[in-house]
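Step one of this worksheet: look at the structure below.
The values are calculated or read from the model by the stated rules, or taken from the named source; none is laboratory data. Just so we're clear, the structure is a prediction, and the values are computed from it rather than from any experiment. Every residue, glycine as well, gets a Cβ built from its backbone with ideal geometry; the counts of neighbours run over all protein chains shown. Areas reflect the complete protein model, heavy atoms only, side chains present, ligands, DNA and RNA absent. Shrake-Rupley method; radii C 1.70, N 1.55, O 1.52, S 1.80 Å.
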Amino acid sequence: QSVLTQPPSVSAAPGQKVTISCSGSSSNIGNDYVSWYQQFPGTAPKLLLYDNNKRPSGIPDRFSGSKSGTSATLGITGLQTGDEADYYCGTWDSSLSAVVFGGGTKLTVL
Amino acid sequence: QVQLQESGPRLVKPSETLSLTCIVSGGSISNYYWSWIRQPPGKGLEWIGHIYYSGSTTYNPSLKSRVTISIDTSKTQFSLKLRSVTAADTAVYYCVQLPHYWGQGTLVTVSS
(Lines give C-alpha, C1' and ligand atoms only; values in the text may rest on other atoms or scores of the structure.)
Protein backbone atom coordinates (compact mmCIF):
# COMPACT_ATOMS: atom_id res chain seq x y z
CA GLN A 1 0.00 0.00 0.00
CA SER A 2 1.08 3.55 -0.71
CA VAL A 3 2.40 5.77 2.08
CA LEU A 4 0.31 8.68 0.78
CA THR A 5 -3.43 8.15 0.35
CA GLN A 6 -5.31 9.39 -2.70
CA PRO A 7 -8.83 8.55 -3.88
CA PRO A 8 -8.65 5.95 -6.66
CA SER A 9 -10.89 7.99 -8.92
CA VAL A 10 -12.72 11.29 -9.25
CA SER A 11 -15.00 12.60 -11.94
CA ALA A 12 -16.67 15.83 -12.96
CA ALA A 13 -18.25 17.45 -15.98
CA PRO A 14 -16.41 19.66 -18.48
CA GLY A 15 -16.05 23.20 -17.22
CA GLN A 16 -16.48 22.18 -13.60
CA LYS A 17 -13.93 22.07 -10.78
CA VAL A 18 -12.46 19.00 -9.14
CA THR A 19 -10.16 18.46 -6.18
CA ILE A 20 -7.87 15.51 -5.50
CA SER A 21 -6.71 14.90 -1.97
CA CYS A 22 -3.42 13.46 -0.77
CA SER A 23 -3.22 12.41 2.85
CA GLY A 24 -0.03 11.61 4.70
CA SER A 25 1.61 12.07 8.08
CA SER A 26 3.92 14.30 10.06
CA SER A 27 6.96 12.53 8.63
CA ASN A 28 6.10 13.25 5.00
CA ILE A 29 3.51 15.87 3.96
CA GLY A 30 3.69 17.49 7.37
CA ASN A 31 7.43 17.89 7.04
CA ASP A 32 8.22 18.66 3.41
CA TYR A 33 6.97 20.11 0.14
CA VAL A 34 4.50 18.21 -2.04
CA SER A 35 4.68 17.77 -5.80
CA TRP A 36 1.89 16.74 -8.15
CA TYR A 37 2.27 14.84 -11.42
CA GLN A 38 -0.01 14.21 -14.37
CA GLN A 39 0.33 11.02 -16.38
CA PHE A 40 -1.37 10.04 -19.60
CA PRO A 41 -1.44 6.36 -20.65
CA GLY A 42 1.85 5.19 -22.08
CA THR A 43 3.75 8.35 -21.19
CA ALA A 44 6.03 9.50 -18.40
CA PRO A 45 4.62 11.52 -15.51
CA LYS A 46 4.77 15.27 -16.01
CA LEU A 47 5.30 17.78 -13.22
CA LEU A 48 2.19 19.85 -12.55
CA LEU A 49 3.04 21.53 -9.25
CA TYR A 50 6.06 21.61 -6.95
CA ASP A 51 6.75 23.12 -3.53
CA ASN A 52 3.03 22.60 -2.75
CA ASN A 53 1.68 25.21 -5.15
CA LYS A 54 4.27 26.40 -7.68
CA ARG A 55 3.56 25.82 -11.36
CA PRO A 56 6.37 25.08 -13.81
CA SER A 57 6.47 27.12 -16.96
CA GLY A 58 3.69 26.10 -19.33
CA ILE A 59 1.27 24.77 -16.72
CA PRO A 60 -1.96 26.79 -16.84
CA ASP A 61 -3.32 28.47 -13.73
CA ARG A 62 -6.34 26.15 -13.89
CA PHE A 63 -4.12 23.85 -11.82
CA SER A 64 -3.52 24.83 -8.20
CA GLY A 65 -2.18 23.23 -5.07
CA SER A 66 -2.50 23.68 -1.36
CA LYS A 67 -1.27 22.03 1.81
CA SER A 68 -2.61 21.99 5.32
CA GLY A 69 -0.99 19.97 8.07
CA THR A 70 -0.56 16.42 6.81
CA SER A 71 -2.77 16.74 3.72
CA ALA A 72 -2.38 18.31 0.32
CA THR A 73 -4.91 19.08 -2.38
CA LEU A 74 -4.74 19.47 -6.13
CA GLY A 75 -7.44 21.62 -7.68
CA ILE A 76 -8.36 21.76 -11.34
CA THR A 77 -10.84 24.33 -12.62
CA GLY A 78 -12.44 24.66 -16.03
CA LEU A 79 -12.14 20.92 -16.63
CA GLN A 80 -11.39 19.80 -20.16
CA THR A 81 -11.58 16.35 -21.68
CA GLY A 82 -7.84 16.63 -22.20
CA ASP A 83 -7.37 16.65 -18.42
CA GLU A 84 -8.39 12.99 -18.23
CA ALA A 85 -5.30 11.35 -16.78
CA ASP A 86 -3.82 9.81 -13.66
CA TYR A 87 -2.60 12.22 -11.00
CA TYR A 88 0.02 11.45 -8.35
CA CYS A 89 1.25 13.31 -5.29
CA GLY A 90 4.75 12.82 -3.94
CA THR A 91 7.06 14.04 -1.22
CA TRP A 92 10.00 13.06 0.98
CA ASP A 93 9.40 10.91 4.04
CA SER A 94 11.91 11.64 6.78
CA SER A 95 11.12 8.50 8.77
CA LEU A 96 11.59 6.18 5.81
CA SER A 97 14.35 8.31 4.26
CA ALA A 98 12.62 7.79 0.94
CA VAL A 99 10.56 9.57 -1.67
CA VAL A 100 6.96 8.42 -1.35
CA PHE A 101 4.00 8.69 -3.69
CA GLY A 102 0.27 8.37 -3.49
CA GLY A 103 -1.38 5.47 -5.25
CA GLY A 104 -2.68 7.74 -7.99
CA THR A 105 -6.09 9.14 -8.86
CA LYS A 106 -7.79 8.60 -12.19
CA LEU A 107 -9.65 11.69 -13.33
CA THR A 108 -12.63 11.21 -15.61
CA VAL A 109 -14.18 14.20 -17.30
CA LEU A 110 -17.72 13.11 -18.04
CA GLN B 1 16.14 22.10 -20.78
CA VAL B 2 17.44 18.96 -19.10
CA GLN B 3 16.78 15.74 -21.00
CA LEU B 4 17.18 12.22 -19.67
CA GLN B 5 17.36 9.03 -21.70
CA GLU B 6 17.31 5.50 -20.30
CA SER B 7 19.06 2.62 -22.02
CA GLY B 8 19.65 -1.02 -21.28
CA PRO B 9 18.31 -4.52 -21.89
CA ARG B 10 14.53 -4.76 -22.14
CA LEU B 11 14.41 -8.43 -21.18
CA VAL B 12 16.09 -9.89 -18.12
CA LYS B 13 15.97 -13.47 -16.88
CA PRO B 14 14.79 -14.28 -13.36
CA SER B 15 17.59 -14.27 -10.75
CA GLU B 16 19.81 -12.13 -12.99
CA THR B 17 20.74 -8.46 -12.68
CA LEU B 18 18.79 -5.63 -14.30
CA SER B 19 21.13 -2.87 -15.51
CA LEU B 20 20.08 0.52 -16.84
CA THR B 21 21.93 3.70 -17.65
CA CYS B 22 20.57 7.23 -17.89
CA ILE B 23 22.31 9.87 -19.97
CA VAL B 24 21.76 13.45 -18.88
CA SER B 25 21.93 16.21 -21.47
CA GLY B 26 21.07 19.89 -21.68
CA GLY B 27 22.14 20.70 -18.17
CA SER B 28 24.65 20.06 -15.43
CA ILE B 29 24.74 16.80 -13.53
CA SER B 30 26.34 18.59 -10.60
CA ASN B 31 24.51 19.83 -7.51
CA TYR B 32 21.44 17.63 -8.04
CA TYR B 33 19.98 14.34 -6.87
CA TRP B 34 19.31 11.79 -9.61
CA SER B 35 16.59 9.22 -9.04
CA TRP B 36 15.34 5.95 -10.43
CA ILE B 37 11.58 5.40 -10.24
CA ARG B 38 9.62 2.43 -11.54
CA GLN B 39 6.01 1.71 -12.39
CA PRO B 40 4.72 -1.86 -12.79
CA PRO B 41 2.13 -2.24 -15.55
CA GLY B 42 -1.17 -0.77 -14.43
CA LYS B 43 0.19 0.29 -11.04
CA GLY B 44 1.56 3.36 -9.30
CA LEU B 45 4.98 4.94 -8.93
CA GLU B 46 7.71 3.46 -6.73
CA TRP B 47 10.91 5.34 -5.90
CA ILE B 48 13.94 3.05 -6.10
CA GLY B 49 16.59 5.44 -4.86
CA HIS B 50 18.75 8.41 -5.70
CA ILE B 51 22.34 9.48 -5.98
CA TYR B 52 23.86 12.91 -5.40
CA TYR B 53 26.43 14.09 -7.89
CA SER B 54 29.07 13.55 -5.20
CA GLY B 55 28.19 9.84 -5.16
CA SER B 56 26.16 9.72 -1.96
CA THR B 57 23.20 7.33 -2.28
CA THR B 58 19.87 6.68 -0.58
CA TYR B 59 17.74 3.66 -1.41
CA ASN B 60 14.15 2.63 -0.85
CA PRO B 61 14.30 0.40 2.25
CA SER B 62 12.18 -2.22 0.49
CA LEU B 63 14.78 -2.61 -2.29
CA LYS B 64 17.97 -1.61 -0.53
CA SER B 65 19.46 -5.10 -0.33
CA ARG B 66 19.30 -5.54 -4.12
CA VAL B 67 20.00 -2.05 -5.50
CA THR B 68 23.11 -0.14 -6.47
CA ILE B 69 23.02 3.30 -8.09
CA SER B 70 26.24 4.80 -9.40
CA ILE B 71 27.20 7.99 -11.22
CA ASP B 72 29.83 9.02 -13.75
CA THR B 73 29.92 12.79 -13.82
CA SER B 74 32.51 12.84 -16.62
CA LYS B 75 30.02 11.06 -18.88
CA THR B 76 27.01 12.89 -17.37
CA GLN B 77 25.28 9.60 -16.72
CA PHE B 78 24.08 7.52 -13.81
CA SER B 79 23.18 3.86 -13.59
CA LEU B 80 20.95 1.37 -11.84
CA LYS B 81 21.67 -2.24 -10.97
CA LEU B 82 18.93 -4.40 -9.46
CA ARG B 83 20.05 -7.88 -8.50
CA SER B 84 18.17 -11.17 -8.23
CA VAL B 85 15.17 -9.97 -10.20
CA THR B 86 11.80 -11.73 -10.31
CA ALA B 87 8.66 -11.18 -12.34
CA ALA B 88 7.59 -8.62 -9.72
CA ASP B 89 10.39 -6.36 -10.97
CA THR B 90 8.78 -6.07 -14.40
CA ALA B 91 8.05 -2.38 -14.78
CA VAL B 92 8.66 0.81 -16.69
CA TYR B 93 11.85 2.29 -15.24
CA TYR B 94 12.30 6.06 -15.27
CA CYS B 95 15.39 8.12 -14.56
CA VAL B 96 14.39 11.37 -12.98
CA GLN B 97 15.65 14.65 -11.60
CA LEU B 98 12.85 15.14 -9.09
CA PRO B 99 10.59 16.84 -9.32
CA HIS B 100 11.14 18.51 -12.68
CA TYR B 101 12.65 16.23 -15.30
CA TRP B 102 11.71 12.67 -16.27
CA GLY B 103 13.08 10.32 -18.87
CA GLN B 104 10.61 8.73 -21.26
CA GLY B 105 10.90 5.43 -19.41
CA THR B 106 11.87 1.99 -20.55
CA LEU B 107 9.85 -1.18 -20.04
CA VAL B 108 11.95 -3.96 -18.56
CA THR B 109 10.41 -7.41 -18.53
CA VAL B 110 11.67 -10.18 -16.30
CA SER B 111 11.00 -13.50 -17.95
CA SER B 112 12.81 -16.66 -18.93
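Taking a point 7 Å from the Cα of A:Thr19 along the Cα-to-Cβ direction, the residues of the range A:69-104 with backbone N closer than 14 Å to it are A:69-77.
Would you please classify the overall shape of the range B:63-102 from the alpha carbon gyration tensor, given that a ≥ b ≥ c denote the square roots of the eigenvalues, rounded means a/c under 1.5, and beyond that prolate means a/b larger than b/c while oblate covers the rest? Oblate is the answer for the range B:63-102, as a/c is 1.5 or above yet b/c matches or exceeds a/b.
Within 10 Å of the Cβ of each residue in B:40-46, the mean number of Cβ atoms contributed by other protein chains is 4. Sort out for me the Cα centre separation of the range B:36-65 from the range A:1-71, rounded to whole Å. For the range B:36-65 versus the range A:1-71, the Cα centre distance is 20 Å.
A straight Cα-to-Cα reach below 15 Å connects B:Lys75 with the aspartates and glutamates B:Glu6, residues fewer than 8 places away in its own chain not being considered.
Contact order for the range B:23-112, expressed relative to its length and based on alpha carbon pairs under 8 Å spaced 6+ residues apart, stands at 29 percent.
Trypsin sites (Lys or Arg not before Pro) within the range B:1-67: which are DSSP loop residues with at most 14 other Cβ atoms inside 10 Å? Loop-located and lightly packed - B:Arg10, B:Lys43. Note on B:His100: accessible area approximately 70 square angstrom, rounded to 10, probe 1.4 Å, nucleic acids and ligands left out. Are any of the pairs B:Lys43/B:Lys81; A:Lys46/B:Lys13; B:Lys13/B:Lys81; A:Lys54/B:Lys43 more than 20 Å apart by Cα-Cα distance, and if so, which? Long pairs (Cα-Cα over 20 Å): B:Lys43/B:Lys81; A:Lys46/B:Lys13; A:Lys54/B:Lys43. Mean per-residue shielding of peptide A:38-48 is 3, counting Cβ atoms of other chains within 10 Å of each Cβ.
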